[in-house]
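Here's the structure, in structure tokens; my notes come after.
The values are calculated or read from the model by the stated rules, or taken from the named source; none is laboratory data. Please read these numbers as outputs of a predicted model, since none were measured by experiment. Note that each Cβ is placed from the backbone with ideal geometry, even for glycine, and that neighbours are counted across all protein chains shown. For the accessible areas, the whole protein counts, side chains as well, though only heavy atoms, and no ligand, DNA or RNA atoms are used. Shrake-Rupley method; radii C 1.70, N 1.55, O 1.52, S 1.80 Å.
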Amino acid sequence: MNWFTNGEVMEGKENVFLGWNNHCFKWGVNMFSWRGWKIHHYGHYFGSKKVRGTWWRKAIFLWVFGWCIGSIWIFWYMNFHAMEKRRETLANMCDERARMLQDQFNVSMNHVQTLAILVSTFHHGKNPSAIDQRTFAMYTERTAFERPLTSGVAYAVRVLHSEREQFERQQGWTIKRMDSEGRDDESIVERPETSPVQEEYAPVIFATISHIVSFDMLTGKEDRSNVIRARESGQGVLTAPFRLLKTKRLGVILTFVVYESELPSNATPNERIQATKGYIGGVFDVESLVDKLLDQLACKQSIIVNVYDTTNPSDPISMYGLNVTSNGLFHVSTLNFGDPIRKHEMHCRFKHKAPWPWLAISASIGALAIALLVGYIFHATVNRIMKVEDDFREMMELKKRAEAADVAKSQFLATVSHEIRTPMNGVLGMLQMLMDTHLDMTQQDYVKTAQASGKALVSLINEVLDQAKIESGKLEIEAVCFDLRAVLDDILSLFSGKSQDKGIELAVYVSDQVPETLIGDPGRIRQIIMNLMGNSMKFTEKGHIFVTVHLVNEMMNSQIDAELSPVNTLSGAPVVDRRRSWENFKAFNQEGIPHESQSRVFTPFMQVRPSVSRVQGGTGIGLSISKCLVGLMRGEIGFASEPQIGSTFTFTVVLTRCRVDAKECKNQRHQQFNSHLDPLLSDFRGMRALVIDTRPIRAKVTRYHLRRLSIRVEMASDLNEALLGGLTDIDIVLANKDDWSKDSYLWPLFVNKLKKGSHLDLPKLFVLANPVGHTRITVSDANGYVPMVITKPLRANMLAASLRRAIGATNKEVCCNGGLPLPTLQNLIHDKQILVVDDNAVNLRVAAGALKKYGAQVACAESGKKAVAMLKPPHNFDACFMDIQMPEMDGFEATKRIRDMEDDANDRMRRGETPICNVTHWHTPILAMTADVIQATYEECLKCGMDGYVSKPFEGEQLYREVARFFKASELQ
């Protein structure tokens, strides 16, 4: 394992391998050195150029070379087995023929031996003889089937020279000579010569072929030696192959000796010679016999058979077949014809050459092709892996660069944000302080314009930073309790001025089924709605902007769709059919989006048309940010738009019902409940109001705001309907300005009826007027009674203030935008000791001025070290505002040291030491003040021991709202 993963270890072992003096292995080690196989653990596999140049080329070469050798081996192995099978087949066929030839020869030999016994019994054992030539020929002819390999049988009697003359007289013929030099076979048979004088003779007396009768067997060269060996051994003997008479075919003669009587097995040769009476021989025509044998086999033509007499191994005699030498495949089978002296063999070979080993060739080529294909696939795979790894490394490098660029971008944005927000904090703070001085109308207009420009710049910075957070995936959603209705009131307050300037009707409606308090991120929901309403305000020149809130289950109800039909609108102008998009939050405008531009509405930095950014302004990322925020809150956003009619933007969000009551939620961060309305509800509880409006949806909006003030509401579509109904116990009458002007002649009658039906004071009359720019709104009197005018958009706090002025209730402070009333804030932080820490002198003045405005005692520190020294227990500070980015010691480090000092003081008090300044537990609330809204997150502040943070630039309300979370509720009284 170490060798495989560390090339240096293998280098240390290389000398051991090379010490074997094996040149082939030495070449292999040098060729495929482990140095080329060096692999690192850290992902350094195929992609390295070094590995690609050495290891991979060697592996491919080794693979191809190995499979070439393997394919050759496969060819050799299969061809070898095919040849072995062919050789085995030839051996079986040859052995089968040799066995058949040998078996039939033995049968014939046994029959010849039987004839010898027959002759001995019936010729020599009978007197006179029971056998003559005719009888012998007839018998041998009839029994020829028992000796299928013999072509003839003859019996020669032993005749001594002294008995020759008598024998010739008895037989009637002379003994003839068988072999004569210079004479052919025909002349020998037709003109035989008399046998020369010799000690003994062996004339044939019985024969299957009569023309050989009287021939002396001892005068033939082969026959003489055969006869002599036969009588000496007492066994059947064979002659060497020779040409037979007349046929000229090769043949052999099998000779048995006929004895006068049975001899013992241990008889001597002389005893056998003395007991010899004659000789019986069988002639075997080998060529014809082998042909007959092969004719019996179906596969005669498949092999070539040769039979040899190999008595003399150096000069074998061919007995059958062509004497052709061949270097091809052949097989030798031994033949045993009973003569121990004579040796015979059968040589076999196939008649045709062996066919091409196509199976071996195809198998080897197929294996090589498969191996090459696998190698190619592996090569392609490895190349793909190399490419993927190269791409991966390139992507990782690009990712690192992108991450570094993203970090640099984030750091740049944070730095730029901090550097811009820091002076902007001073600018806006000083403008706010300037507004608190005595200014004439022109000066106030200049200051307000400067404030609006500064806030617009801060809003632009926030959008760019939000987009950066979204791209980096660092944008998080909070989960706190909040009042959605109060958030919408604040948004209406922000846009009320613009709507009045443009004469656009602006309204909000929240369904009664929406819970009073919800859990979610109010800041992000506020941002989404403000983006949608801001775009609507930009692109709407006339008509209305209407925001509605419903539960999704409500939108499934057809009644809601009927109420929000295109005809029933606030301003009477047609809108896009809202049933095409039924999500919860809706904002309608009048201009509409061109069809060709609708596909890129949610694309960052994209405008509907190029001129929009110059005419209307904006960066084009508001809707993109809104879509991302909706997605983070598990919702969807969409729109339906028709040019010159209007647009309907919708989105859904998933919020949770807040299970705690409002009192427990008051101290939660970012909560904006309608708790400021609680002291006012007692003034309106039990009152009844009559709303007169020809447009049901507009009357529904008015009823929604009145019900929030605990006022019971009756509705009438016009003044005639109101006159027909009962007008008793009506405390407030609200009519739309259009209806007041249209039915002006009926209003005196209506007022008189109200006077008659009221036992107490006359009900208060209010006219709800749409904004008409800066023109003063006036209405005609009704029977000497002039109604009060309430300018839209309606908000609960504004409506409550107007009603209170009309009914003459005691003065109760209500701050605009849902904020805390000024006297309450003064009571909250009056005489509180607050330390403000910032290295920027302008920011110190802004923060100190905002707190001093409400009676706080403010001390300033220019560095973190000074703040640590001033907050070392004991001290008299009730809270501290700490800047984060400061030289020498930042706000986080300063907070940690302050918390360490407080923990040390608390530990000493727990050990029983005297309390410091009668304080039982030291924990000074510390809030971060920072312009770095990316890095200074709420979690980071809490991690270092801070209790909250406010971002720069901030208004005075931000400061004291945060402080209010740490002071006891009893101090609000």
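Of everything in the range 123-153, what is touching a Ser or Thr at 6+ places or on another chain (Cβ under 7 Å), of a type in the set (A, V, I, L, M, F, W, C) and within 20 Å of VAL258 (Cβ to Cβ)? Give them in sequence order.
ALA137, VAL153, listed by residue number.
Which of the residues spanning the range 364-390 are open to solvent by less than 30 Å² (accessible area, probe 1.4 Å) and of a type in the set (A, V, I, L, M)?
If the condition is that a residue be open to solvent by less than 30 Å² (accessible area, probe 1.4 Å) and of a type in the set (A, V, I, L, M), then ALA367, ALA371, VAL382, MET386 are the ones that fit.
Regarding THR920, is this residue open to solvent by 60 Å² or more (accessible area, probe 1.4 Å) and either out of contact with any helix residue (DSSP H, G or I) (no Cβ under 7 Å at 6 or more places or on another chain) or not basic (Lys, Arg) (or both)?
Against the criterion (open to solvent by 60 Å² or more (accessible area, probe 1.4 Å) and either out of contact with any helix residue (DSSP H, G or I) (no Cβ under 7 Å at 6 or more places or on another chain) or not basic (Lys, Arg) (or both)), THR920 qualifies.
State yes or no: is ALA848 touching a strand residue (DSSP E or B) at 6+ places or on another chain (Cβ under 7 Å) and at pLDDT below 80? Don't jump to the end; show me each part of the working.
Working: touching a strand residue (DSSP E or B) at 6+ places or on another chain (Cβ under 7 Å): yes; at pLDDT below 80: no.
Here the answer is no, as ALA848 does not meet what is asked.
Surrounded by 15 or more Cβ atoms within 10 Å (Cβ to Cβ) and of a type in the set (A, V, I, L, M, F, W, C): which single residue out of MET424, MET396 fits that description?
Being surrounded by 15 or more Cβ atoms within 10 Å (Cβ to Cβ) and of a type in the set (A, V, I, L, M, F, W, C) holds for just one of MET424, MET396, which is MET424.
For the range 201-208, does any single residue satisfy the condition of being at pLDDT 85 or above, in contact with a Leu (Cβ under 9 Å, 6 or more places away or on another chain) and assigned to a loop (DSSP other than H, G, I, E, B)?
Yes, that holds for at least one residue.
Residues checked against (1) in a helix (DSSP H, G or I); (2) closer than 29 Å to ILE273 by Cβ:
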| position | (1), (2) |
| --- | --- |
| ASN79 | yes, no |
| ASN92 | yes, no |
| ALA98 | yes, no |
| ASN110 | yes, yes |
| GLU141 | yes, no |
| THR174 | no, yes |
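Taking the residues in the range 219-271 that are in contact with a helix residue (DSSP H, G or I) (Cβ under 9 Å, 6 or more places away or on another chain), part of a helix (DSSP H, G or I) and open to solvent by less than 10 Å² (accessible area, probe 1.4 Å) as candidates, determine which candidate is nearest to ASP132 (Cα to Cα).
Ranking the qualifying residues of the range 219-271, first place goes to VAL227.
Determine if the range 366-380 includes at least one residue that is β-branched (Val, Ile, Thr), in a helix (DSSP H, G or I) and touching a residue at least 24 places away in the same chain (Cβ under 8 Å).
No: the range 366-380 contains no residue that is β-branched (Val, Ile, Thr), in a helix (DSSP H, G or I) and touching a residue at least 24 places away in the same chain (Cβ under 8 Å).
Scan the range 274-292 and report the pairs whose first residue is farther than 30 Å from PRO264 by Cβ and whose second residue is of a type in the set (Phe, Trp, Tyr) and part of a strand (DSSP E or B), with Cβ atoms within less than 9 Å and a gap of 6+ or a chain change.
VAL286/TYR320; GLU287/TYR320; LEU289/TYR320; VAL290/TYR320; ASP291/TYR320
Looking only at residues that are polar (S, T, N, Q) and modelled with pLDDT of 90 or more in the range 858-898, which one is most open to solvent (accessible area, probe 1.4 Å)?
Of the range 858-898, the ones polar (S, T, N, Q) are 863, 876, 885, 895.
Going one step further and asking which of them are modelled with pLDDT of 90 or more, we end up with 863, 895.
On the way: SER863: 34, THR895: 0 Å².
Residue satisfying both the conditions and the ranking: SER863.
Quick one: in the range 740-764, which of the residues that are part of a loop (DSSP other than H, G, I, E, B) and modelled with pLDDT of 70 or more is most open to solvent (accessible area, probe 1.4 Å)?
By that ranking, first place goes to LEU746.
Every residue, every condition in (1) in contact with a helix residue (DSSP H, G or I) (Cβ under 8 Å, 6 or more places away or on another chain); (2) open to solvent by 70 Å² or more (accessible area, probe 1.4 Å), yes or no:
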position	(1), (2)
MET78	yes, no
THR89	no, no
CYS94	no, no
LEU101	yes, no
MET109	no, no
GLN113	no, yes
ILE117	no, yes
LYS126	no, yes
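Can you confirm whether the range 129-147 contains a residue that is surrounded by fewer than 18 Cβ atoms within 10 Å (Cβ to Cβ), under 30 Å from VAL307 (Cα atoms), at pLDDT below 90 and touching a Pro at 6+ places or on another chain (Cβ under 8 Å)?
no
Does SER302 satisfy being closer than 30 Å to GLY251 by Cα and modelled with pLDDT of 90 or more?
Judged against the criteria, SER302 is not a match.
Is it the case, given these coordinates, that LYS469 is modelled with pLDDT under 80, part of a helix (DSSP H, G or I) and of a type in the set (D, E, K, R)?
In short, yes.
Name every residue in the range 694-706 that is open to solvent by 10 Å² or more (accessible area, probe 1.4 Å) and within 14 Å of VAL733 (Cα to Cα), in order of residue number.
Matches in the range 694-706: ARG703 only.
The rows are residues; the columns are (1) in contact with a strand residue (DSSP E or B) (Cβ under 6 Å, 6 or more places away or on another chain); (2) over 30 Å from VAL552 (Cβ atoms); (3) without any contact (Cβ under 8 Å) to a residue 12 or more places away in the chain.
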position	(1), (2), (3)
THR437	no, yes, yes
SER453	no, yes, yes
VAL458	no, yes, no
LEU475	no, no, no
LYS498	no, yes, no
TYR509	yes, no, no
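If I ask for residues that are touching an Asp or Glu at 6+ places or on another chain (Cβ under 9 Å), part of a helix (DSSP H, G or I) and modelled with pLDDT of 65 or more, which ones from the range 808-845 would you list?
Matches in the range 808-845: ASN827, LEU828, ILE829, ALA841, ASN843, LEU844.
Let me confirm something: among ASP406, ASP391, which residue is acidic (Asp, Glu) and modelled with pLDDT of 85 or more?
ASP391
From the list GLN411, GLN444, pick out the single residue that is touching a helix residue (DSSP H, G or I) at 6+ places or on another chain (Cβ under 9 Å) and either surrounded by fewer than 17 Cβ atoms within 10 Å (Cβ to Cβ) or in a helix (DSSP H, G or I) (or both).
GLN444
Before we move on, is LEU322 surrounded by fewer than 11 Cβ atoms within 10 Å (Cβ to Cβ) and part of a helix (DSSP H, G or I)?
no
Those residues that are open to solvent by 10 Å² or more (accessible area, probe 1.4 Å) and not small (Gly, Ala, Ser), I need them from the range 522-531; list them, please.
ARG524, ARG526, GLN527, MET530, ASN531
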